[in-house]
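A.B. asks: Structure incoming, see below.
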Amino acid sequence: MGRKWANIVAKKTAKDGATSKVYAKFGVEIYVAAKQGDPDPETNSALKFVIDRAKQAQVPKHVIDKAIDKAKGNTDETFVEGRYEGFGPNGSMIIVDTLTSNVNRTAANVRAAYGKNGGNMGAAGSVSYMFDKKGVIVFAGDDADAVFEQLLEADVEVDDVEELEGTITVYTAPTDLHKGLEALRQSGIEEFQVTELEMIPQSEVVLEGEELATFEKLVDALEDDDDVQKVYHNVADF
């Protein structure tokens, strides 16, 4: 896929661990998952999945517990998922996924972030057709062929398995991410660096100099919005 997940994970973990905004965003996601189902992660697979991802991002236990406790209460706060697509410098493409209690506020903020930081927000579908939705699982390992065989035996639809510098990256069909995780756990793998549904670009662009600086500023502005949960793009090694 051309994505060096080991490097991306290292940079993302360093950034995630240092920002309370990430904690707040996971808090909302955990609250929504717990509110939509049972607040017990042992019986709510969606909640368990979010909690696992939160732990990978170094979200403290008290933040997770607080979100679950809030969901157990009588709050009627409603959150809506959204997606905004657009363009950055030199053919770069960006997808922004949101989770918000105020759609009008979020749409205005995302549009402003694009416009004020060298980007342009496009229509729905203007970018996403150039991305493929996949499950991504990253963990320590050095035998991609063996992992591939294990997943096939478990009837997991696997698109690719890569090994890079002691790290294995598995790409699954989006509907088979959870099945793949369970198969890997049963094979003895206990720790994962990434377990995500990702939008993977079909091709990538390389940005340098001023264009890269503009792109970084744009992505930072989007990620800084409290309602933005994920930002996907097609810029190589960023």
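A.B. asks: How many residues are free of Cβ contacts under 8 Å to residues at least 60 places away in the same chain and within 16 Å of PHE131 (Cα to Cα) when one looks only at segment 159-174?
C.D. replies: 4
A.B. asks: Within segment 75-101, take every residue that is under 15 Å from MET199 (Cα atoms) and of a type in the set (Ser, Thr, Tyr) and give me the one that is farthest from the chain's Cα centre (by Cα).
C.D. replies: By that ranking, first place goes to SER92.
A.B. asks: If the Cβ limit is 7 Å and pairs must be 6+ apart or interchain, which residue in segment 186-210 that is closer than 18 Å to PHE131 by Cβ pairs with which residue that is among the acidic types (Asp, Glu) and surrounded by 13 or more Cβ atoms within 10 Å (Cβ to Cβ)?
C.D. replies: From residues that are closer than 18 Å to PHE131 by Cβ, the pairs are ILE200/ASP132; GLN202/ASP132.
A.B. asks: For segment 47-81, enumerate the residues that are at pLDDT 90 or above, assigned to a helix (DSSP H, G or I) and among the aliphatic types (A, V, I, L, M).
C.D. replies: Selection gives LEU47, VAL50, ILE51, VAL63, ILE64, ALA67, ILE68.
A.B. asks: Kindly indicate which of GLY118, GLY91 is in contact (Cβ under 8 Å) with a residue 12 or more places away in the chain, farther than 27 Å from PHE26 by Cα, touching a helix residue (DSSP H, G or I) at 6+ places or on another chain (Cβ under 6 Å) and not assigned by TED's automatic domain parsing to the domain that holds GLY188.
C.D. replies: Of GLY118, GLY91, the one residue that is in contact (Cβ under 8 Å) with a residue 12 or more places away in the chain, farther than 27 Å from PHE26 by Cα, touching a helix residue (DSSP H, G or I) at 6+ places or on another chain (Cβ under 6 Å) and not assigned by TED's automatic domain parsing to the domain that holds GLY188 is GLY118.
A.B. asks: With the requirement that a residue be of a type in the set (Asp, Glu), out of contact with any strand residue (DSSP E or B) (no Cβ under 7 Å at 6 or more places or on another chain) and closer than 17 Å to PHE192 by Cα, what does segment 136-166 give you?
C.D. replies: ASP143, GLU163, GLU165
A.B. asks: If you go through segment 17-67 one residue at a time, how many are touching a residue at least 60 places away in the same chain (Cβ under 8 Å) and under 23 Å from GLY82 (Cβ atoms)?
C.D. replies: Qualifying residue count for the region: 8.
A.B. asks: Going by the structure shown, is TYR84 among the aromatic types (Phe, Trp, Tyr), crowded, with 17+ Cβ neighbours inside 10 Å and modelled with pLDDT of 90 or more?
C.D. replies: So TYR84 fits the description; yes.
A.B. asks: Given the criterion among the charged types (D, E, K, R) and exposed (fewer than 13 other Cβ atoms within 10 Å of the Cβ), identify the matching residue among ASP132, ASP97, ASP76.
C.D. replies: ASP76
The values are calculated or read from the model by the stated rules, or taken from the named source; none is laboratory data. Keep in mind that this is a model prediction, so the values were computed, not measured. Note that each Cβ is placed from the backbone with ideal geometry, even for glycine, and that neighbours are counted across all protein chains shown.
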